[in-house]
Structure formats: C-alpha cells, structure tokens
Amino acid sequence: MGRAFEYRKARKLKRWGHMARTFTKLGKEIEIAVKAGGPDPSGNTRLRILIQNAKAENMPKENIERAIKRATEKDAADYKQVIYEGYGPHGIAFLVETATDNTNRTVANVRMHFNKCGGALGNSGSVAFMFEHKCIFKFHAPAGADLEELELEMIDCGVEEFYPEEDGVTVYAPYESFGAIQKWLDEHGAEIVSGESVYLPADTKELDAEGRESVERLVERLEEDDDVTNVYHNMKEPEEE
C-alpha cells in the first residue's frame, strides 16, 4: 500500500475529534463555498462535494441548510481560509489550515499553541515545501464497472493511487486534478461519497514515545481551536499492532 493509504488509515479516527467541532468546521467551509460560488449545489461543485462530506460525517440536514442560509445573509461572517506554518517539538513540521473571520485572533491563538507546546510559528513557505498537496475522493463505482478498466481510465484523469474497498473506491491524486476527477465521476455516474484536499509529508520523522506524546499535545491543542479546520505534520505515525 502507498503512503497516502497509510496516512488515511492512521488519521481516519483522529480527525475532527468531537462531533460538535466537526459540524462547526464543516459549516464554515460550506459558508466559504457558498460565498464563492453561490448557494445552488448543482452549479457549485465545491459546495456539492462539501455537502457530501458533511453527510459522510453524519451532519444533520438542518445544520447544512442553516450554514447555506447563513452565508447568504447580509451580516454573514466573512470567513477566509488561511494556512499557517511552523515547527513543533523535535523539529516536526506543521501545516495548519484555518477558516477565520478574524486573522489577528487566529494567528495569535495559533502562535500561542505552538509556544506553549515547545514549537514556533514560522513564515509562509517555511515548511510548505516539505508537503505535497493531494486530493482524495471516495465514491461508489458506476454499476457494472470493471475495476481494472476503471483504474486505467482514472489514471488518465491524474489518479496516482487507487484502492477498491468494501464500502467503495478511494483514489489519491495531485490537488490540481481535483476538478478533472470530480467531472469524470459525475459524467460516468459514480456516486461521490466525499472529496477533500490533504497535505502529505514528502518524508516523515520518527520519534520515540515521549516525543510523539509532545507532538500530539500540540496537535490536540490546535484541533480544539474553533478556527482550525485541519492539522498536518511530518511525524511518522506508530505502526499498528
């Protein structure tokens, strides 16, 4: 299996932590998508996929509709997506994705989290080169599709890793292929379960148990921040027993 699969396996149960925070963060992303492309999912690809992501996380329909409505109101918060970079304990590189309506508050909080956990917030570009921007799609294959043929066709769309699973197919590709893959899946009758962007480390750094614990403390602090939507780092995840 490729490292993208291992990333997904390691992070699957860790991401988002608590349900309430999950819904809050997904709601912000939905609001950003509505402001950028309108409230109609049929004409807003990003919004349509975020709604699918929300459903995959069991976000109630009412919450999704409220997020869409909020974004269309005149006094709606103007959320922006900002990525912060820095180093955690033991030189572990971090990328922190946020959705914020107050960048001064957010950068101050992110800096505080780094400082309290023995890290330091860096400048833009200080660690981004250590990560690769990828997209992940999970979908149900079109009825009667031959998986080998399907894989070959999706490679032409930019897919690098293709994993048939019991509950669907998961593919990984450079983020630049996001639109092409989404279009291909729509045109060929595949049911998209979720689609997202991730940052995968080009190389990982192995730490002992004490080192991993100190890095995880920073991860937890960041993920508990209401403005933070995703946290990526290059610490090697421990092998499952």
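The values are calculated or read from the model by the stated rules, or taken from the named source; none is laboratory data. Remember, predicted model here, so these are calculated numbers, not experimental data. FYI the Cβ positions are ideal-geometry reconstructions off the backbone, even for glycines, and counts take in every protein chain you see. What goes into the accessible areas is simple: the full protein's heavy atoms, side chains included, and nothing from ligands, DNA or RNA. Shrake-Rupley method; radii C 1.70, N 1.55, O 1.52, S 1.80 Å.
Pairing residues of segment 127-155 that are among the charged types (D, E, K, R) with residues that are in a helix (DSSP H, G or I), at Cβ distances under 7 Å and at least 6 apart in sequence or on separate chains, gives LYS134/ALA4; LYS134/TYR175. Residues that are buried (at least 20 other Cβ atoms within 10 Å of the Cβ) and either among the polar types (S, T, N, Q) or over 20 Å from VAL96 (Cα atoms) (or both) within segment 19-40 comprise just one, VAL34. Does GLU216 satisfy the criteria of being part of a helix (DSSP H, G or I), under 30 Å from GLN81 (Cα atoms) and free of Cβ contacts under 8 Å to residues at least 24 places away in the same chain? When the stated conditions are applied, GLU216 passes them.
Restricting LYS69, LYS55 to those that are at pLDDT below 95, outside any strand (DSSP E or B), in contact with a strand residue (DSSP E or B) (Cβ under 9 Å, 6 or more places away or on another chain) and of a type in the set (D, E, K, R) reduces the list to LYS55.
As for segment 79-96, it holds at least one residue that is touching a residue at least 60 places away in the same chain (Cβ under 8 Å), touching a helix residue (DSSP H, G or I) at 6+ places or on another chain (Cβ under 9 Å) and in a loop (DSSP other than H, G, I, E, B). Checking each residue in segment 108-146 for being open to solvent by less than 50 Å² (accessible area, probe 1.4 Å), small (Gly, Ala, Ser) and farther than 15 Å from GLU85 by Cα picks out ALA141, ALA145.
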